[in-house]
Amino acid sequence: MGSLDGWIEWANANEGLLQGLGMLASGVGAVLFALRRERRERAGRVEAADPVPSWLVVRPLAESEIARVAGLLDQLGGDVEPDGEGLRAEFPDADDAARAALRVRDAHIATAGVWIGELGTDPPTPPDAASGEGVRATARVRRALRDAHDIVAKARGAGAFPYVIDTAPSGLRSSVLRRLALPVLGVALIAFAAWSLTRDGTAPAGADPIRAIAVLPLESLGPDRQQEFLGDGITGQLIHELGKVRDLRVISRTSSMHYKGSDKALPEIAEELGVDAVVEGTVLADGDRVRVTTQLIRAATDEQLWSGRYERSLRDVIGMQREVAIEIAETVEAQLSGSERARLEAPKQIDPEAYRAFARGWMLFEQRTKEPDAIPAAVIALQGAIAREPEWAEAHAALAATYAVGSHYGVFDSVAGALAKARASGERALELAPSLGEANAALGFAALSSWDWDTAEAQFGHAARNAATGRAFSYSWGSIVHGVQGDPETAIEWAHKGFALDPLSSTTSLNLINAYRWARRLEEALLFAREAVEKRPGDHVAHLQLVAVLVEMGDLERAREVIEEGEAKDVSTNGLELRKACVLAQTGDTVHATEILERHLAAPPRHELAAMTIADLALCLGREELSAQLLREARVSRLPLLIYLGLPVFDRLRATAEGQLTARLVGLSLDTPREERRP
């Protein structure tokens, strides 16, 4: 059949086949046209549709499943009713119904269908086509279901927009579907090949490379709190594994967790975090089995670049996350060094109960700014994880960080004792995994809290080079080390690096503002302090920073206004009240300021920075002996946050005899260039 005559003879003999191929080509062309049009719409930011009431129908359901599915649909915001052998739920908008369909599918409950519009007739009454709302809602449902590879039917009735998803386990699917699987796969491959050859300017060809990624909190499909701990833990683990790829900038867990339960659009989230793509997905655990679905989406075009579904034993969950990280890195063509690939491919199994305890401990640790008492609970959980997995280096590093950072919150009986435990846990982690940067970060923080600046600088340097999830922490807190040692420009550089990796973290924002305060560049500190309050209006730390900078600039009137604004927003704390008292004392209202001082002397706050501010307040009120006594007690107790005595707001306190003695003990040498202080 190599000659032209041979091809003609074959074509005459297979006329029916060629006609079929022609019809197939026409169908593929229609698919391509729809895909290209939809992509152009996405690239042009399709006009948002008004909410279109829609129905989700789930059936058939066994009697034993009805209550569970009804509870799930109710939890997702649906108005649930019986529907023959199953249930139906009305949702206020089409994409709400679509997301609920995915939840049903991920739980492997039953077949689910999404109908856009009212389900009052058969076929359903469609939305008003003239307004275009039905077309736009349909497009949004298609995007919401873009990872539902098992959509098996659509277009039911004139003008209706249904989507039916086969969610039954593969062994239960109909023989018709099994027979259709191969032809459907063939059509999909042909369509994909044709689409690849006909991409236009709106397709990803030539698109900017992806070098910054955020992993959004994986949605926990289970209803209980333990499922939530597990989902957050797996999110953090995926961030940790992706962070090992140095060719990618991966946003830290603290900032990613701000979007837990958020309904913000992905492009908006990506813009806030400064990333090119986001990872999102779901987690469902059943005993010691866990199923994770994930997808990687290019933020600018809302285009799915990759998706995966994994079901493993919880014992193998770390290996699973490493596999996901490799696939994402390869999808975005990130460079993987030999050592990075080796670390990601290294097998790792963890006792399921140890993993649950670790996830719980880390989640509690992250709640410390709002609930300081969560720190001791985090210690107990992490100790439980280590008891089951004594050689799990990451658990030892997490315990070290909890002790070190917790030493600043007044929740331990002895600061020195907590720091000693932090050092022991961090050193044990490095014995088990010498290149574990998270352990270096915890040891750096313990050294900073002990005023051991050389050790802190060395440990934070190691962490910044090696840590996956602790890199933002290392840069941010390392900036303080450089500020204290008289190198404010390096402090600013490090603070910006930490902030870029964790832009929504209160801590990285705090240390960025402080870096400019160490350098006495107060105008720039003011800009970042105002931005922090705008981004986090309920964050008392942001308000306190703004007030402190205004005081340092001498704008006491505006500082007082910000304090009152904070009180009106119910973000007032001990620190803000004490700083308010200092402002009152400096502006002549000594009576009110004295009342605040006496109240805090009677019931000292646990947070040590407030203890130092009490000493400053006493000095503002002319009570020098009391101020010296309070500062001396803080020094004897070796309160870690005495390092902040070097900030401009404490210039007056540091200038006293007791302040000078404390500054020398802590190692504050702001006025001496770094190179002159080192041998």
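The values are calculated or read from the model by the stated rules, or taken from the named source; none is laboratory data. It should be emphasised that the depicted structure is a prediction, and the values quoted were computed from it without experimental measurement. Here the Cβ positions follow ideal geometry from the backbone for every residue, glycine too, while neighbour counts run over all protein chains shown. SASA here: full protein model, heavy atoms, side chains in, ligands and nucleic acids out. Shrake-Rupley method; radii C 1.70, N 1.55, O 1.52, S 1.80 Å.
Pull up all non-local amide H partners of Ser220: gap of 5 or more, or a different chain, and H-to-H distance under 5 Å with H placed in the peptide plane.
Distant-sequence amide H within range of Ser220: Val283.
Leu448: net charge of surrounding residues, Cβ under 13 Å, Lys/Arg +1, Asp/Glu -1, itself excluded?
Residues close to Leu448 contribute a combined charge of -1.
Counting only protein heavy atoms and using a 1.4 Å probe, what share of the accessible area of segment 276-352 belongs to carbon plus sulfur, as a whole percent?
42 percent
Cut-off under 20 Å on the C-alpha distance; same-chain residues fewer than 8 positions from Lys264 excluded. Which lysines are left, in chain and number order?
Filter leaves Lys535.
Run the accessible area of segment 360-441 with a 1.4 Å probe and give the carbon-and-sulfur part as a rounded percent.
Accessible surface attributable to carbon and sulfur in segment 360-441 totals 52 percent.
Using a probe radius of 1.4 Å on heavy atoms only, what accessible surface per residue do you get for segment 330-443? Whole Å² is fine.
Using a 1.4 Å probe on heavy atoms only, each residue of segment 330-443 averages 43 Å².
Given H placed on each backbone N at 1.01 Å, which residues far from Ser54 in sequence or on other chains put an amide H within less than 5 Å of it?
It is Phe91, Asp93, Gly117, by chain and number.
Could you give the distance between the Cα centres of segment 254-292 and segment 504-550, to the whole Å?
Centre-to-centre distance over Cα atoms comes out at 27 Å.
Which whole-Hz ³J(HN,Hα) couplings does segment 489-495 yield from phi under the Karplus relation 6.51 cos²θ - 1.76 cosθ + 1.60, θ = phi - 60°, glycine and proline marked x?
Per-residue couplings from phi come out as 5, 5, 4, 5, 4, 5, 4 Hz.
Return the loop-located trypsin sites (Lys or Arg not before Pro) in segment 230-305 (DSSP other than H, G, I, E, B) with at most 13 other Cβ atoms within 10 Å of their own Cβ; answer none if there are none.
When the trypsin sites (Lys or Arg not before Pro) of segment 230-305 are filtered for loop state and at most 13 Cβ neighbours within 10 Å, Lys264 remain.
Roll a 1.4 Å probe over the protein heavy atoms and report the accessible area of Asp286 in Å², nearest 10.
Roll a 1.4 Å probe over it and Asp286 shows about 120 Å².
What list of ³J(HN,Hα) values in whole Hz, one per residue of segment 435-441 in order, does the Karplus curve 6.51 cos²θ - 1.76 cosθ + 1.60 (θ = phi - 60°) give from phi, with Gly and Pro shown as x?
My calculation for segment 435-441 gives 9, 6, x, 4, 5, 4, 5 Hz in order.
What's the carbon and sulfur percent of segment 469-552's accessible surface, probe 1.4 angstrom, rounded to a whole number?
That share works out to 58 percent.
Counting other Cβ atoms within 10 Å, keep those with at most 12, restrict to DSSP loop, and tell me which GluC sites (Glu not before Pro) in segment 359-424 are left. List each step's numbers first, then the result.
On the way: sites: Glu366, Glu391, Glu394; in loops: Glu391.
The qualifying sites are Glu391.
Can you give me the accessible area per residue for segment 551-594, using a 1.4 Å probe, in Å²?
Values: 2060 Å² over 44 residues.
For segment 551-594, the per-residue accessible area is 47 Å².
What does the highest-first list of 514-527, 493-506 look like by mean Cβ count within 10 Å?
Highest-to-lowest ranking by the protection proxy: 493-506, 514-527.
How large is log10 I(q)/I(0) at q = 0.21 Å⁻¹ when the Debye formula is applied to the Cα atoms of segment 458-537, each weighted equally and without solvent?
For segment 458-537 at q = 0.21 Å⁻¹, log10 I(q)/I(0) is -0.85.
If packing is taken as the mean number of other Cβ atoms within 10 Å per residue, what is the order of 446-455, 401-410, 474-483, highest first? Don't jump to the answer; show the numbers that get you there.
On the way: 446-455: 20.5, 401-410: 24.4, 474-483: 26.9.
Result, highest mean first: 474-483, 401-410, 446-455.
Of the listed pairs Lys348/Lys421; Lys370/Lys580; Lys497/Lys580; Lys421/Lys569, which have alpha-carbon separations greater than 29 Å here?
Violating the 29 Å Cα-Cα cut-off are Lys497/Lys580; Lys421/Lys569.
Could you derive backbone 3J(HN,Hα) for segment 535-547 from the dihedral phi with the Karplus parameters 6.51, -1.76 and 1.60 (θ = phi - 60°), listing whole Hz in sequence and x where the residue is Gly or Pro?
Coupling constants for segment 535-547: 6, 10, x, x, 8, 5, 5, 4, 5, 5, 4, 4, 4 Hz.
Could you let me know the centre-to-centre spacing of segment 609-654 and segment 326-383, using Cα atoms, in angstrom?
Result: 38 Å between the Cα centres.
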